[in-house]
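The values are calculated or read from the model by the stated rules, or taken from the named source; none is laboratory data. Nothing here was measured: the structure is a model prediction, and the numbers come from that model. Counting neighbours? That spans all protein chains shown, and the Cβs are built from the backbone with ideal geometry, glycine included. Note: accessible area is taken over every heavy atom of the protein model, side chains too, but ligands, DNA and RNA are not part of it. Shrake-Rupley method; radii C 1.70, N 1.55, O 1.52, S 1.80 Å.
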Amino acid sequence: MKELTKLETENNIRPTPEIDAFMKASSVGGKKHSISTDYILKVLGLDVCSETVVGSDMQRGVSGGQRKRVTTGEMIVGPRKTLFMDEISTGLDSSTTFQIVKCVKNFVHLMEGTVLMGLLQPARETYELFDNIMFLSEGYMVYQGPREDVLEFFESLGFKLPPRKGVADFLQEVTSKKDQAQYWVDPSKPYEFIPVSKMADAFKNSRFGRSLESTLNVPYDKSRIHPSALSKTKYAAPKWELLKSCFAREKLLITRNRFLYIFRTC
């Protein structure tokens, strides 16, 4: 913090008061928790059980829903820029899921991070927090792009979202052979089942697919890659270090149960 203040003074930088106060509060020593940890605890509703052990099969701890939120909080509170989150809403009510996703969205926009999240039938309010949608079905990429444009793409295929129907539920059913017919609204031709493969081809040929392809075809400047960003070896540690670590672990286990080993040896 001292070094940061010195650099700001030298370069005549005046930080935003709110960010400056947050940084100074985060760097205060002698506290059990940092302000960022306390904030995450409050957002996730874990401040009521912050002093409770997580627990295991043999030890009673926090509830199942709280344990799910603890896992999410561990990922958010660290210095990470990319998060991959799968089915974090399992066992949680819609209100808690909305709070968690909103917290993750703030993290993405303020810290310029990237989050790839998969949810099971999210509520309308939770769905609207997402920036982009990646719609996969039967191994095909049916749609990938801004959330606001997904309905326009399916309307170009002849399917329309009915009133009072969630978009997430609509996306899950529009590729199903059993439920697809109810969304057909194209009066120019009779309904005929459109398989997922044809939807994927239509996406590639649409302006949405061409826009995505033009974005991905931009060559990346490899000179910007940090030397430690990619691993150059098969293992993160040398074999000698792995051997010493395994030996130290076995030595620790034997030391903890030395009475049993001494008794059996004698």
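Structure notes:
- For the chain, the carbon plus sulfur part of the accessible surface works out to 56%, probe radius 1.4 Å.
- In region 1-122 the Cα-Cα distances spread across 5 Å bins starting at 0 as 2, 9, 17, 19, 18, 14, 9, 6, 4, 2, 1, 0 percent of all pairs.
- Cβ-Cβ FRET estimate between Glu18 and Asp221, R0 fixed at 22 Å, reported to 0.05: 0.05
- Taking θ as phi - 60° and the Karplus parameters 6.51, -1.76 and 1.60, the scalar couplings of region 53-65 work out to 5, 5, x, 8, 5, 9, 10, 6, x, 6, 6, x, x Hz in sequence order, x denoting glycine and proline.
- In whole angstrom, the chain maps to an equivalent ellipsoid with semi-axes of 44, 28, 24, each derived as √(5λ) from the alpha carbon gyration tensor and ordered largest first.
- Think of a 1.4 Å ball rolled over the protein heavy atoms: the chain then has 74 Å² of accessible area per residue.
- For trypsin sites (Lys or Arg not before Pro), the sites in region 62-134 that DSSP calls loop and that have at most 14 other Cβ atoms within 10 Å are Arg80, Lys81.
- Ranking by accessible area, most exposed first, for Trp184, Trp240 with a 1.4 Å probe: Trp240, Trp184
- Cleavage-rule hits (trypsin sites (Lys or Arg not before Pro)) in region 130-201: DSSP loop, at most 11 neighbouring Cβ within 10 angstrom: Arg164, Lys177, Lys178
- By accessible area with a 1.4 Å probe, ligands and nucleic acids excluded, highest first: order of Lys24, Lys204, Lys2: Lys2, Lys204, Lys24
- Structure-based [θ]222 nm, the chain - -39500 (n - 2.57) summed over DSSP H runs of at least 4, per residue, nearest 500: -14000 deg cm²/dmol
- When the chain is described by a simple charge dipole with +1 on each Lys and Arg Cβ and -1 on each Asp and Glu Cβ, the residue from Phe203, Leu44, Pro227 located farthest towards its positive end is Pro227.
- Highest mobility in the GNM of the chain, judged by mean-square fluctuation with C-alpha springs under 10 Å and restricted to Leu120, Leu41, Leu253, is found for Leu253.
- Integer Hz, Karplus 6.51/-1.76/1.60 couplings in order for region 207-214, x for Gly and Pro: 5, 5, x, 5, 5, 5, 5, 5
- The label point for Asp93 and the one for Asp149, both projected 7 Å from the Cα toward the Cβ, are 3.8 nm apart.
- Site pair Lys244 and Arg207 shows an inter-label distance of 6.2 nm when each label is modelled 7 Å from Cα along Cα→Cβ.
- Per-residue packing, averaged as other Cβ atoms within 10 Å, sorts the ranges 223-229, 148-154 into the order 148-154, 223-229, beginning with the highest.
- Potential lengthening of the chain between Val54 and Ala181 amounts to 41.0 nm, from the contour at 0.36 nm per residue minus the alpha-carbon distance.
- Amide H contacts of Val115 (H built 1.01 Å from N, under 5 Å, at least 5 apart or other chain): Leu83
- Cα-derived Rg to Rh of region 130-255, Kirkwood definition: 1.29
- Computed over protein heavy atoms with a 1.4 angstrom probe, the accessible surface ordering of Tyr183, Tyr191, largest first, is Tyr191, Tyr183.
- Taking every DSSP beta bridge that has both ends in the chain, the antiparallel portion is near 60%.
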